[in-house]
Amino acid sequence: MYALRIFPILFIHFHCAQLEIEKPNFFQFLFLSASPTSVGVVTSDFASGGRFKTFEPNSFTTFPTSIPIHSDAVGRYTNDRVFIVNRLNRDSIQVLNPQLGFITEQEFSVGQGKNPQDISVWNDKYFISLYNSDELVIYSRSNGTKIGGVSFTSLRETFSTSGIPDSSVESSYMLQDGPSLFVLLQRLDRNDVSGYLPPNSDSYLVEIDMDLNSIKAVYTLPYRNPSSKIQKINLFGEPHLVISCVGRVGFISQIDAGIIAFRLSTRQFHPNRLFAEETAGGDILAFQIKNDELGFAAVLDSGFTKTVQAFRPRTGERIGTLLQIPGNVGISLSGLLLTNEGKLLVGSTDFNRPGIYVYDSNLGNILLNPVPSSVELTPFDIFQLQNLQ
């Protein structure tokens, strides 16, 4: 299965009494459910299915809304809608309406086995990246039918250790900036003789003109295998796109990549990594940046020890470790989000007590709820319910 990962990170047990949190009354519930501080949570049982939930991190409140989704899904909020990208084996886009209790108002297939990864909305069009394709597909916003596409055929790898390059470019996460859509292409070698999927070719950031449905420019990433969602943030006084590249990861891990920034005004990459794997001590699987002085990274080293680290993007230095988890501890985490209010949310995939931990970056990164707040199933992806693009 070639699903783009949200890598799990393991966590240590906390030995403390469970916090007693007072449930909000009915009027508080109505207020909080409409609060801009609420986040969306994709949850899963990793078998038969998942649920979309909403969570308010200031009050640790999980709301009763529970929308059935695929067991392997990620979410995005844009154009006043929640878009659930149901990945491999369901291969569909599910559109939820927040004004109507997050009911599913539209769902359409993108083709069996195509493995959708992300979606962006422009005028009357949906642009959808597919992991198992060499095309960025375009669907009608009104009826969910395919109306076009942007070919990535010319961007396929031309090399494989097996001598037979594959036909997929592993298009993954995307981010919109005005009429431009930036799409990450991992370009992994599916036919590598090792049986793994190493990045034997350069990875690309492709700029798409969404008015003309065509490639505007192709930028070669300075490091290979981008694995994270793209974060758009002001750094060094102007907007940048920030991406984590992992290079060789997992059983073939090497110290060979890190977090990079793409300056939108010049269309050039920053000369230095914001956080290098040499400094982190392993592959940076996920990250969130607050400002020039503070960012967070989930790191996996070659011995499968997991850490959540604080770093300074301006200098690239490591400034602290929030968590350090041995590789043999059976509690894992997935989903990493820094809210606009400075709360760092981390999803715990402990099957005995799944939920969300909340840290406060405004108060020295302290843990606010030593017992994770339940979201019923295991959290898999966490995202803000705000139009960020």
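No lab work stands behind these numbers, since they all come straight from the coordinates. Computed from a predicted structure; not experimentally measured. Positions of Cβ are generated from backbone atoms using ideal geometry, with glycine treated the same way; all protein chains shown enter the neighbour counts.
For (1) aliphatic (A, V, I, L, M); (2) within 22 Å of the chain's Cα centre (by Cα), each residue gets a yes or a no:
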site	(1), (2)
76	no, yes
97	no, yes
126	no, yes
147	yes, no
157	no, no
163	no, no
170	no, yes
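Taking the listed residues 84, 93, 67, 119, the one that is more than 26 Å from residue 134 (Cβ to Cβ), touching a residue at least 12 places away in the same chain (Cβ under 8 Å) and not aromatic (Phe, Trp, Tyr) is 67, with no other qualifying. Tell me, yes or no, whether segment 248-261 has at least one residue that is among the acidic types (Asp, Glu) and either within 23 Å of residue 127 (Cβ to Cβ) or outside any strand (DSSP E or B) (or both). Yes, because at least one residue in segment 248-261 is among the acidic types (Asp, Glu) and either within 23 Å of residue 127 (Cβ to Cβ) or outside any strand (DSSP E or B) (or both).
Taking segment 319-367 and the strands (runs of 3 or more DSSP E) fully enclosed by it, the elements with 3 or more residues that are buried (at least 18 other Cβ atoms within 10 Å of the Cβ) and of a type in the set (A, V, I, L, M) are at 332-338, 343-348. Apart from one condition, residue 266 fits all of (1) more than 22 Å from residue 295 (Cα to Cα); (2) β-branched (Val, Ile, Thr); (3) in contact (Cβ under 8 Å) with a residue 24 or more places away in the chain; the exception is (3). Within segment 207-230, the residues that satisfy the criterion of being surrounded by 20 or more Cβ atoms within 10 Å (Cβ to Cβ) and under 24 Å from residue 277 (Cα atoms) are 221, 223, 224, 225, 226, 227, 228, 229, 230.
Condition check for residue 219 on (1) assigned to a strand (DSSP E or B); (2) closer than 25 Å to residue 157 by Cα; (3) within 16 Å of the chain's Cα centre (by Cα): one failure, at (3).
Criterion first (touching an Asp or Glu at 6+ places or on another chain (Cβ under 9 Å), without any contact (Cβ under 8 Å) to a residue 40 or more places away in the chain and within 23 Å of residue 106 (Cβ to Cβ)) does residue 140 satisfy it? Yes: the conditions hold for residue 140.
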